[in-house]
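Remarks on the structure that follows.
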Amino acid sequence: MRTTHFFGLTALVLVLGSSAAFAQTTSTEEYSYDALGRLIIVDTSGGQNDDETHSFCYDDAGNRTELQLTSDSTVSACTESGSNGGGTAPPPPPPPPPPALGVADAAATEGGAMYFFVTLSSPHNTSASVAYATSYGSAGPNDFQATSGTLNFSAGETSKWILITTSQDLFIESPETFAFNLSSPSGGVTISDGAAVGTIIDDDDCGVSCQ
(Lines give C-alpha, C1' and ligand atoms only; values in the text may rest on other atoms or scores of the structure.)
Protein backbone atom coordinates (compact mmCIF):
# COMPACT_ATOMS: atom_id res chain seq x y z
CA MET A 1 0.00 0.00 0.00
CA ARG A 2 1.32 3.46 -0.86
CA THR A 3 0.24 6.63 0.91
CA THR A 4 0.86 10.03 -0.64
CA HIS A 5 0.76 13.27 1.35
CA PHE A 6 0.25 16.66 -0.32
CA PHE A 7 1.71 19.81 1.22
CA GLY A 8 1.48 23.45 0.12
CA LEU A 9 5.06 23.77 -1.07
CA THR A 10 6.52 24.94 -4.35
CA ALA A 11 8.21 21.57 -4.76
CA LEU A 12 7.86 18.52 -2.54
CA VAL A 13 9.80 15.28 -2.92
CA LEU A 14 8.54 12.01 -1.42
CA VAL A 15 10.45 8.74 -1.41
CA LEU A 16 8.09 5.78 -1.51
CA GLY A 17 8.99 2.12 -1.03
CA SER A 18 7.23 -0.98 -2.37
CA SER A 19 8.06 -4.56 -1.46
CA ALA A 20 7.60 -7.91 -3.20
CA ALA A 21 8.51 -11.38 -2.03
CA PHE A 22 12.23 -11.06 -2.83
CA ALA A 23 12.77 -7.47 -4.01
CA GLN A 24 12.21 -3.91 -2.94
CA THR A 25 12.12 -0.86 -5.17
CA THR A 26 12.05 2.81 -4.28
CA SER A 27 10.32 5.61 -6.16
CA THR A 28 10.57 9.36 -5.71
CA GLU A 29 7.71 11.72 -6.47
CA GLU A 30 8.18 15.46 -6.80
CA TYR A 31 5.18 17.77 -6.50
CA SER A 32 5.23 21.28 -7.99
CA TYR A 33 2.73 24.05 -7.33
CA ASP A 34 1.91 27.29 -9.10
CA ALA A 35 1.77 30.78 -7.59
CA LEU A 36 -1.83 30.18 -6.52
CA GLY A 37 -0.88 27.09 -4.52
CA ARG A 38 -2.39 24.62 -7.03
CA LEU A 39 -0.77 21.30 -7.91
CA ILE A 40 0.55 21.44 -11.48
CA ILE A 41 3.17 18.68 -11.92
CA VAL A 42 3.87 15.27 -10.35
CA ASP A 43 7.19 13.75 -11.49
CA THR A 44 7.98 10.12 -10.62
CA SER A 45 11.41 8.53 -10.80
CA GLY A 46 12.25 4.94 -9.87
CA GLY A 47 9.87 2.11 -9.14
CA GLN A 48 7.18 0.78 -11.46
CA ASN A 49 6.19 4.28 -12.60
CA ASP A 50 9.71 5.45 -13.34
CA ASP A 51 9.97 8.59 -15.47
CA GLU A 52 6.24 9.23 -15.40
CA THR A 53 4.84 12.74 -15.20
CA HIS A 54 1.34 13.99 -14.51
CA SER A 55 0.71 17.58 -15.54
CA PHE A 56 -2.36 19.42 -14.35
CA CYS A 57 -3.88 22.31 -16.29
CA TYR A 58 -6.51 24.84 -15.22
CA ASP A 59 -8.97 26.55 -17.51
CA ASP A 60 -10.23 30.11 -17.16
CA ALA A 61 -12.95 28.97 -14.77
CA GLY A 62 -10.38 27.28 -12.53
CA ASN A 63 -11.39 23.74 -13.48
CA ARG A 64 -8.54 21.22 -13.49
CA THR A 65 -7.66 18.81 -16.32
CA GLU A 66 -4.85 16.24 -16.42
CA LEU A 67 -2.32 15.05 -18.99
CA GLN A 68 -0.19 11.97 -18.26
CA LEU A 69 3.29 11.97 -19.76
CA THR A 70 5.75 9.06 -19.76
CA SER A 71 9.20 8.51 -21.22
CA ASP A 72 7.61 6.89 -24.28
CA SER A 73 4.91 9.51 -24.78
CA THR A 74 4.92 12.40 -27.22
CA VAL A 75 1.86 14.11 -25.77
CA SER A 76 2.41 17.86 -25.34
CA ALA A 77 2.60 19.24 -21.84
CA CYS A 78 0.17 21.74 -20.42
CA THR A 79 0.09 25.33 -21.57
CA GLU A 80 3.04 27.29 -20.20
CA SER A 81 4.95 24.08 -19.39
CA GLY A 82 2.43 22.76 -16.93
CA SER A 83 1.44 26.00 -15.28
CA ASN A 84 -2.16 26.95 -14.58
CA GLY A 85 -2.92 27.58 -18.27
CA GLY A 86 -5.47 30.21 -17.35
CA GLY A 87 -7.75 30.86 -14.46
CA THR A 88 -8.18 33.97 -12.43
CA ALA A 89 -5.87 34.92 -9.61
CA PRO A 90 -7.52 35.87 -6.34
CA PRO A 91 -8.04 39.62 -6.03
CA PRO A 92 -5.42 41.50 -4.04
CA PRO A 93 -6.42 42.43 -0.50
CA PRO A 94 -8.01 45.87 -0.20
CA PRO A 95 -5.69 48.64 0.93
CA PRO A 96 -5.93 49.58 4.60
CA PRO A 97 -8.17 52.56 5.35
CA PRO A 98 -6.40 55.91 5.70
CA PRO A 99 -5.69 57.20 9.20
CA ALA A 100 -8.69 59.01 10.66
CA LEU A 101 -8.75 62.06 12.94
CA GLY A 102 -10.94 62.34 16.00
CA VAL A 103 -11.37 64.82 18.85
CA ALA A 104 -12.60 64.11 22.38
CA ASP A 105 -14.93 66.17 24.56
CA ALA A 106 -13.30 68.31 27.24
CA ALA A 107 -14.26 70.03 30.49
CA ALA A 108 -12.76 72.54 32.92
CA THR A 109 -13.76 74.61 35.92
CA GLU A 110 -14.33 78.26 35.01
CA GLY A 111 -11.07 80.17 35.05
CA GLY A 112 -9.12 77.01 34.27
CA ALA A 113 -7.50 75.59 31.15
CA MET A 114 -9.39 73.20 28.87
CA TYR A 115 -7.53 70.81 26.56
CA PHE A 116 -8.99 69.27 23.41
CA PHE A 117 -6.99 66.23 22.30
CA VAL A 118 -6.95 65.44 18.56
CA THR A 119 -5.67 61.99 17.61
CA LEU A 120 -4.97 59.93 14.49
CA SER A 121 -6.24 56.35 14.46
CA SER A 122 -2.84 55.10 13.24
CA PRO A 123 0.56 56.60 12.36
CA HIS A 124 0.75 58.19 8.92
CA ASN A 125 3.80 57.93 6.68
CA THR A 126 3.58 61.58 5.59
CA SER A 127 2.69 64.89 7.20
CA ALA A 128 -0.99 65.82 7.54
CA SER A 129 -3.06 68.74 8.77
CA VAL A 130 -6.59 69.62 9.85
CA ALA A 131 -8.39 72.88 10.58
CA TYR A 132 -10.13 73.50 13.92
CA ALA A 133 -12.47 76.15 15.31
CA THR A 134 -14.65 76.80 18.33
CA SER A 135 -18.21 78.13 18.19
CA TYR A 136 -20.41 79.57 20.91
CA GLY A 137 -23.17 77.64 22.61
CA SER A 138 -24.59 78.39 26.04
CA ALA A 139 -21.04 79.56 26.77
CA GLY A 140 -20.36 82.89 25.06
CA PRO A 141 -17.58 85.46 24.60
CA ASN A 142 -17.46 86.23 28.33
CA ASP A 143 -16.95 82.56 29.24
CA PHE A 144 -13.99 81.42 27.10
CA GLN A 145 -11.47 82.59 24.52
CA ALA A 146 -12.68 81.54 21.06
CA THR A 147 -10.00 80.20 18.77
CA SER A 148 -9.36 78.67 15.35
CA GLY A 149 -6.35 77.50 13.38
CA THR A 150 -4.61 74.51 11.83
CA LEU A 151 -3.06 71.47 13.50
CA ASN A 152 -0.04 70.02 11.71
CA PHE A 153 0.97 66.38 12.22
CA SER A 154 4.46 65.24 11.30
CA ALA A 155 4.92 61.78 9.78
CA GLY A 156 4.38 59.17 12.50
CA GLU A 157 2.79 61.63 14.94
CA THR A 158 -0.60 60.58 16.31
CA SER A 159 -1.67 63.12 18.94
CA LYS A 160 -2.00 66.90 19.31
CA TRP A 161 -3.85 69.14 21.73
CA ILE A 162 -5.41 72.63 21.73
CA LEU A 163 -5.62 74.77 24.87
CA ILE A 164 -8.77 76.82 25.48
CA THR A 165 -8.73 79.46 28.22
CA THR A 166 -11.94 79.90 30.23
CA SER A 167 -12.97 83.02 32.14
CA GLN A 168 -13.66 83.40 35.83
CA ASP A 169 -16.80 85.19 36.99
CA LEU A 170 -18.84 85.59 40.15
CA PHE A 171 -22.16 84.47 38.73
CA ILE A 172 -23.84 81.35 40.01
CA GLU A 173 -24.83 79.38 36.92
CA SER A 174 -25.31 75.94 35.43
CA PRO A 175 -22.55 74.29 33.37
CA GLU A 176 -22.12 76.02 30.01
CA THR A 177 -21.01 74.47 26.76
CA PHE A 178 -19.47 75.37 23.41
CA ALA A 179 -18.48 73.41 20.29
CA PHE A 180 -15.04 72.43 19.00
CA ASN A 181 -14.98 71.20 15.39
CA LEU A 182 -12.45 69.77 12.94
CA SER A 183 -12.59 70.34 9.18
CA SER A 184 -10.59 70.29 5.93
CA PRO A 185 -8.18 67.38 6.53
CA SER A 186 -5.22 67.14 4.16
CA GLY A 187 -2.25 64.86 3.57
CA GLY A 188 -4.22 61.65 3.00
CA VAL A 189 -6.12 61.52 6.30
CA THR A 190 -9.85 61.62 7.00
CA ILE A 191 -12.06 62.70 9.91
CA SER A 192 -13.95 60.02 11.83
CA ASP A 193 -15.20 62.17 14.73
CA GLY A 194 -14.76 65.88 14.14
CA ALA A 195 -17.20 67.35 16.68
CA ALA A 196 -16.53 67.76 20.39
CA VAL A 197 -18.18 69.63 23.25
CA GLY A 198 -16.39 71.80 25.79
CA THR A 199 -18.08 72.12 29.18
CA ILE A 200 -17.33 74.95 31.62
CA ILE A 201 -18.22 74.05 35.20
CA ASP A 202 -19.21 76.84 37.59
CA ASP A 203 -17.13 77.13 40.77
CA ASP A 204 -19.18 79.78 42.61
CA ASP A 205 -20.86 78.73 45.85
CA CYS A 206 -24.35 80.09 46.26
CA GLY A 207 -24.35 79.33 49.98
CA VAL A 208 -27.59 79.67 51.92
CA SER A 209 -29.26 81.79 49.22
CA CYS A 210 -29.63 78.72 46.97
CA GLN A 211 -31.77 76.88 49.49
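GLY111 satisfies every condition listed in (1) out of contact with any Phe, Trp or Tyr (no Cβ under 9 Å at 6 or more places or on another chain); (2) assigned to a loop (DSSP other than H, G, I, E, B); (3) closer than 16 Å to ILE191 by Cβ except (3). Taking the conditions (1) touching a residue at least 60 places away in the same chain (Cβ under 8 Å); (2) in a loop (DSSP other than H, G, I, E, B) in turn, PHE116 satisfies each one other than (2). Every condition in (1) out of contact with any strand residue (DSSP E or B) (no Cβ under 8 Å at 6 or more places or on another chain); (2) under 16 Å from TYR115 (Cβ atoms) is met by GLU173 except one, and the failing one is (2).
Screening the candidates ASP193, ASP204, ASP105 for the property of being among the charged types (D, E, K, R) and at pLDDT below 95 yields one hit, ASP204.
Scanning region 168-189 for residues that are surrounded by 14 or more Cβ atoms within 10 Å (Cβ to Cβ) and at pLDDT 95 or above turns up GLU176, THR177, PHE178, ALA179, PHE180, ASN181, LEU182, PRO185, GLY187, VAL189. Where strands (runs of 3 or more DSSP E) sit wholly within region 126-211, those with at least 3 residues that are without any contact (Cβ under 8 Å) to a residue 24 or more places away in the chain occupy 148-153.
The values are calculated or read from the model by the stated rules, or taken from the named source; none is laboratory data. Just so it is clear, the model here is predicted, and its values are computed rather than measured. No Cβ is skipped: glycine too gets one built from the backbone with ideal geometry, and neighbour counts run over all protein chains shown.
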